[in-house]
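Peer 1: One structure coming up, written as structure tokens, with questions to follow.
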Amino acid sequence: MKQGLFASLLSNLPVKVYGLVGRSGSGKSFRAQSVAKTYHIPLIIDDGLLIRGDKIVVGKSAKQEQSFIGAVKSALFQDPAHQDAVIQALSRERFRKILIIGTSENMVSKIAARLNLPEPKKIIHIEDIATEDEINTAMRIRYTEGKHVIPVAPLQIARSYPSIVYDGIKTGIRRIRGKKIDISENTLVKPEFSKQEKNNISEAAIKQMVKHCLYEYENILKVEDVKYTVTNEGYNLKVTLRTPVGVDGKKIPELQEYISDSLERYGGILVNRVELIVQIWE
């Protein structure tokens, strides 16, 4: 009786959503378990998976998708069956806090809305928990070796996605006064979409990726043209789009960041600059 009453009271309490935000490849997933332990967060949403502790509860990993668009759809829960499975699992879980990992605050908010969760109350930026050298090292590994991290034990990933498993890694965090606590296991993977030869990405594929990003971000935006050049620093994109009167111009920097992060995260493309040319129609 007491357990039933406790569960009932717990289910009526509000859920607090945390966001862990940072550029693609900056080490968010590597540090997710440490952040969860620090803030006593039992559940993590990362790239299409619902995770409790170091185990997958339910979901479909974006990292096992063969294509850029498939990866984006999984990460953002665009497939109704995938979305419903995670919503149903959340309804069965007892939790007061949940951590959502994303490349931007906008992405975290979008995922929360799609999973019927409240707006994020606290955003943690990767720069708050990692040094500049650590972030640069993580990004170098991402873009030179194509390796990603999933914050669950290797056995979990090997069972579901054996073709992408590369290695297991362990992380530990320290509490105040330097006392070391639990060691967490993460899985190092080489996703299907990162195995593609980057030099073989066609102009049509680049345009399709950008159009998908724009549609996902704001479906009233229309892509007129996409041009790009490739430099030693990465791709420079020039995107011409049309938008109706009244669209908030403050969204443009967010949109540039969203395109850049999406192409880097799921296309394996290092983006140096995104230039947007906006045409307004009456």
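FYI, it's all coordinate maths here, none of it is from the lab. Everything numeric in this text was worked out from a predicted model, so none of it was measured. As a convention, Cβ positions derive from the backbone with ideal geometry for all residues, glycine included, and neighbour counts pool all protein chains shown.
Peer 1: Excluding residues on the same chain fewer than 8 positions from residue 110, give the aspartates and glutamates whose Cα lies under 12 Å from its Cα.
Peer 2: Excluding near neighbours in sequence, the set is 119, 216, 218.
Peer 1: Give, rounded to the nearest 20 debye, the magnitude of the charge dipole that the range 45-90 has about its Cα centre when Lys and Arg contribute +1 at Cβ and Asp and Glu contribute -1 at Cβ.
Peer 2: That gives the range 45-90 a dipole magnitude of about 60 debye.
Peer 1: Give me the dipole magnitude in Debye, nearest 20, for the range 19-73 about the Cα centre, with unit charges on the beta carbon: positive for Lys and Arg, negative for Asp and Glu.
Peer 2: Its charge dipole is roughly 80 debye.
Peer 1: Also, I was wondering about something else. Under 14 Å Cα-Cα from residue 37, which aspartates and glutamates qualify once same-chain neighbours fewer than 8 residues away are excluded?
Peer 2: Qualifying aspartates and glutamates at Cα under 14 Å: 54, 182, 185.
Peer 1: Give me the net charge of residue 124's neighbourhood, meaning all other residues with Cβ under 10 Å from the Cβ of residue 124; Lys, Arg count +1, Asp, Glu -1.
Peer 2: Its environment carries a net charge of +1.
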